[in-house]
Amino acid sequence: MFGALEWAIAARYLRARRNEGFISIIAWFSLIGIALGVATLIIVMSVMNGFRIELMDRVLGLNGHMVVRGADANIRGYDPIAEALRKIEGVRQAAPLIEGQVMATANKQASGALVRGMWPKDLKARAIIAGNLYSGSIEDFRGKHNVIIGQRLAKKLGLVVGDKITLVAPQGTATAFGNVPRMKTYRVAATFMVGMYEYDSTFIYMPLTAAQVFFRLKGAVSGVEMFLDNPDDVFRLRRAIRSVPGVARVVDWQQVNSHFFQALQVERNVMFLILTLIILIAAFNIISSLIMLVNDKGKAIAILRTMGATRGMIMRIFIISGTTIGVIGTLTGFAFGMAFCLNIDTIRRWLESLTGTELWSPEIRFLSRIPADVNNGEVLSVVVMALSLSFLATLYPAWRAARIDPVEALRYE
């Protein structure tokens with residue numbers, strides 16, 4: 001245990017006098033460097049975690065964990081297939097689905113869109129849509145003339161609930177006068193805002209029967225979309241799903257999005273390594289400041305030795321001095337990083353209003369807001385790493401101070 005005298009001497013050494021100002025400046029830079037390193041690591045890791053979680057929630061919440069398809073482009077007898085898939089342990093939902101690209105037009109504006117045809121009961125069970133309606137009611141999603149569209153698409157086309165939107169199919173109708181574009185007008189029953197730009201600006205949901213008429217898929221669907229209890233069970237359930245009659249191909253979310261999520265993980269690991277260097281540099285600053293302090297206090301150390309101080313006591317004095325810098329810097333960085341993460345979107349909006357520029361563009365960043373998810377284990381590892389580096393940085397200067405020979409240090413006094 002460290003004694004009260006050792007704490008008192010260490011505190012005295014940390015409060016540099018006027019002629020020791022340079023040493024004090026280096027100590028302050030060390031403290032600030034550790035604080036910035038810890039705060040930056042916590043913020044960046046939390047934002048990267050938030051990105052991954054938000055993207056997975058939205059990508060998998062809308063597109064499902066697995067999709068089964070038939071031998072040809074479409075599946076017939078889809079309701080019995082969906083019912084058989086629901087009975088497989090681990091499958092939470094199985095919904096017939098029609099997907100198709102269209103051109104959406106309204107108010108002399110046009111935009112590409114993706115139509116997804118579903119049974120109304122299946123869309124109501126899709127929490128990410130039913131729970132994020134911007135306007136209108138999910139109960140109006142029925143019949144052959146109502147659709148639900150993304151709010152950003154509605155804004156782009158100048159639409160509100162009750163307005164008409166015209167969809168143009170890429171496959172035209174052959175006539176005596178050539179190929180005529182096939183189009184149909186629908187009523188906007190509701191709009192949704194899930195917080196991901198790509199989906200809010202392109203997705204249109206249509207009742208399954210209406211989608212079958214529009215895409216000319218009488219008695220057929222594009223596939224059956226499934227949600228699992230655990231998204232990571234795709235490999236375990238693949239064999240059971242393939243055994244269902246009528247299932248020819250199975251595509252899971254890891255196959256479709258593997259490169260995307262792997263890139264996020266690689267970027268996260270690289271950022272961790274790069275930002276750790278900030279803490280490492282700050283630790284080297286602790287070493288340099290303590291070595292300079294040892295050189296400056298050589299005679300004082302010699303006097304302490306002649307008065308009976310042991311080498312262990314001298315080591316502990318300088319370990320306390322360096323570790324105090326690391327502890328204060330780490331705690332400051334921890335407090336700042338956590339406060340920043342908890343208020344990151346408020347800070348972003350404040351900076352945007354202050355500078356008059358858009359710092360976060362949903363069109364580029366995919367998400368409508370900056371996500372941050374604080375992982376307690378990661379935060380603890382960052383704090384422990386900073387404290388450990390700070391402690392290790394004190395060992396050599398403390399050992400050097402303990403090795404000072406009192407006779408040599410006082411010889412020229």
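The values are calculated or read from the model by the stated rules, or taken from the named source; none is laboratory data. The structure displayed is predicted, hence computed values, not measured ones. A quick note on method: Cβ atoms are made from the backbone with ideal geometry, for glycine too, and the neighbour counts reach across all protein chains shown.
Taken over region 159-169, residues that are out of contact with any Lys or Arg (no Cβ under 9 Å at 6 or more places or on another chain) and not hydrophobic (A, V, I, L, M, F, W, C) amount to 0. In this entry, Arg116 passes the filter for residues that are at pLDDT 90 or above, surrounded by 14 or more Cβ atoms within 10 Å (Cβ to Cβ) and of a type in the set (D, E, K, R). Hey, any hits in region 60-68 for a residue that's surrounded by 20 or more Cβ atoms within 10 Å (Cβ to Cβ), assigned to a helix (DSSP H, G or I) and touching a residue at least 24 places away in the same chain (Cβ under 8 Å)? Looking through region 60-68, none of the residues is surrounded by 20 or more Cβ atoms within 10 Å (Cβ to Cβ), assigned to a helix (DSSP H, G or I) and touching a residue at least 24 places away in the same chain (Cβ under 8 Å). Quick one: in region 138-197, of everything that is modelled with pLDDT of 85 or more and of a type in the set (S, T, N, Q), which residue is nearest to Arg126 (Cα to Cα)? For region 138-197, the residue satisfying everything is Thr191.
Restricting Leu273, Leu304 to those that are on the phi < 0 side of the Ramachandran plot, loosely packed, with under 13 Cβ neighbours inside 10 Å and either modelled with pLDDT of 75 or more or of a type in the set (Val, Ile, Thr) (or both) reduces the list to Leu273. The single residue among Ala73, Ala84, Ala11 that is at pLDDT below 85 and part of a helix (DSSP H, G or I) turns out to be Ala11.
Those helices (runs of 4 or more DSSP H) of region 174-281 in which at least 1 residues are among the polar types (S, T, N, Q) and out of contact with any Gly (no Cβ under 7 Å at 6 or more places or on another chain), considering only elements entirely within it, cover 208-214. The residues on offer are Ala130, Ala82, Ala154, and the sole one that is out of contact with any Pro (no Cβ under 7 Å at 6 or more places or on another chain), touching a residue at least 24 places away in the same chain (Cβ under 8 Å), within 26 Å of Gly64 (Cα to Cα) and surrounded by 15 or more Cβ atoms within 10 Å (Cβ to Cβ) is Ala154.
Any residue that is over 32 Å from the mean Cα position of the chain (by Cα), under 28 Å from Arg92 (Cα atoms) and not in a helix (DSSP H, G or I) - is there at least one of those in region 120-140? Scanning region 120-140 turns up no residue that is over 32 Å from the mean Cα position of the chain (by Cα), under 28 Å from Arg92 (Cα atoms) and not in a helix (DSSP H, G or I).
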